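*Asks:* The structure's right below; bear with me while I get my questions together.
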Amino acid sequence: MKTTFAAAVAAPALTMAALAVASGVTPVHADPLPYGPETCINGFVWREAFDGDTVCVTPATRSQVAQQNADPSANKEPEGGAFGPDTCVSGFVWREAFDGDTICVTPDVRAATKADNAADASRKAANAPEPTPVAQGGERTVVFEITGSGTVYSIDTNPTGSGVGENTPVPFKRTIKIGPDVDLLTVVAVTKTGEQGCRITLDGEVVAEQPVGDAFCSVNI
C-alpha cells in the first residue's frame, strides 16, 4: 500500500498524544519515532521515487520526484538509441535515485539526487543530535549558518524561511526572531561544490555545530 505524504512526516509526540486523548484513549507513552528508524526529522519527508523509498528529502523535492515519475517517457529518445527505449535525449541523464532508475533528468538534478541519497542518514530522526538544554524565554534571536566553501543546491531552515536556491555561495548566514512556540531549530544544506558544515546560534550562544563535511545541524530548545 502506498504511503501518503502526511504519513511520511514525523509526527510530534505531543500531537499524537493529544489525538489519542481526543479519541477517548489514554496514551501510556508516545512513540518518539512513529515510523521507526525510517522516521524523518521535522521538515523532511520520504522521497518515494519507488515503492519503499524512505530517503528523506524536502517536500519540494518529493513533489518534483512525483512529477518526474508521472511521465517516465519524458526526455527519452522516441526512436530509442544506445540504451534502447531508456535512452535519454541529448542533455539529459538517468536520475539514478536507485539501481535501475532510468528517469531522464538534467545532470544537476541527478547530482542533487545523489546528494540526497548521501545525506539520508543525517536526516533520520534516530540519528539526530541529542537535545541541548536551552533556557526558555520570550522572543529570541537565531542565527543559522552554513560554513565552509563552494556552492549548494539548496539550504533549508526550520523555522522555514525564504527558499535558498541552487548555486548559493557559502558561507551563508540567516538571522531570524522566534517566539516561545518554537521548539526545534534545524539548518541543512545539499552540497553542489566544495564542502560545508553548519552552526546554529541562539541568543549569542552556539547550540549546534557540525564541522565541514556534515552540513546538518539540529537542536531541540
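*Asks:* Examine the stretch 97-107 for a residue that is out of contact with any Cys (no Cβ under 8 Å at 6 or more places or on another chain) and either in the same structural domain as ILE155 (by TED's automatic domain parsing) or closer than 26 Å to VAL212 by Cα (or both), and state whether such a residue exists.
*Replies:* Yes, there is a match, as at least one residue in the stretch 97-107 is out of contact with any Cys (no Cβ under 8 Å at 6 or more places or on another chain) and either in the same structural domain as ILE155 (by TED's automatic domain parsing) or closer than 26 Å to VAL212 by Cα (or both).
*Asks:* Oh, and also: Answer yes or no: is there a residue in the stretch 138-148 that is modelled with pLDDT under 85, assigned by TED's automatic domain parsing to the domain that holds GLU195 and either more than 15 Å from GLN64 (Cα to Cα) or part of a helix (DSSP H, G or I) (or both).
*Replies:* So far as the stretch 138-148 goes, yes, one or more of its residues are modelled with pLDDT under 85, assigned by TED's automatic domain parsing to the domain that holds GLU195 and either more than 15 Å from GLN64 (Cα to Cα) or part of a helix (DSSP H, G or I) (or both).
*Asks:* Still on this structure, please answer the following. Look at GLU48 and say whether it is modelled with pLDDT of 95 or more and in a loop (DSSP other than H, G, I, E, B).
*Replies:* Criteria met by GLU48.
*Asks:* On to the next question. Restricting the search to the stretch 45-78, which residues are among the polar types (S, T, N, Q) and surrounded by fewer than 17 Cβ atoms within 10 Å (Cβ to Cβ)?
*Replies:* SER63, GLN67, ASN69, SER73
*Asks:* A further question on this structure: Would a scan of the stretch 87-97 turn up a residue that is part of a loop (DSSP other than H, G, I, E, B) and charged (D, E, K, R)?
*Replies:* There is at least one residue in the stretch 87-97 that is part of a loop (DSSP other than H, G, I, E, B) and charged (D, E, K, R).
*Asks:* Here are some residues: ASP31, ASP71. Which one is farther than 21 Å from ALA189 by Cβ, outside the structural domain of THR186 (by TED's automatic domain parsing), modelled with pLDDT of 90 or more and of a type in the set (Asp, Glu)?
*Replies:* Of ASP31, ASP71, the one residue that is farther than 21 Å from ALA189 by Cβ, outside the structural domain of THR186 (by TED's automatic domain parsing), modelled with pLDDT of 90 or more and of a type in the set (Asp, Glu) is ASP71.
*Asks:* May I ask you to say which residue of VAL190, VAL142, VAL206 is closer than 20 Å to GLY43 by Cβ and more than 14 Å from the chain's Cα centre (by Cα)?
*Replies:* VAL142
*Asks:* Filter the stretch 88-113 for residues that are β-branched (Val, Ile, Thr) and crowded, with 18+ Cβ neighbours inside 10 Å and give the result.
*Replies:* Within the stretch 88-113, ILE103, VAL105, VAL109, THR113 meet the criteria.
*Asks:* Let me ask you something else. Suppose we keep only residues that are more than 21 Å from VAL45 (Cβ to Cβ) and either of a type in the set (A, V, I, L, M) or in contact with a helix residue (DSSP H, G or I) (Cβ under 7 Å, 6 or more places away or on another chain) (or both) within the stretch 112-135. Which one would you say is modelled with the lowest pLDDT?
*Replies:* By that ranking, first place goes to VAL134.
The values are calculated or read from the model by the stated rules, or taken from the named source; none is laboratory data. In this text, all values refer to a predicted model and were calculated from it rather than measured experimentally. Reconstructed Cβ throughout: ideal geometry from the backbone, glycine too, with neighbour counts over all protein chains shown.
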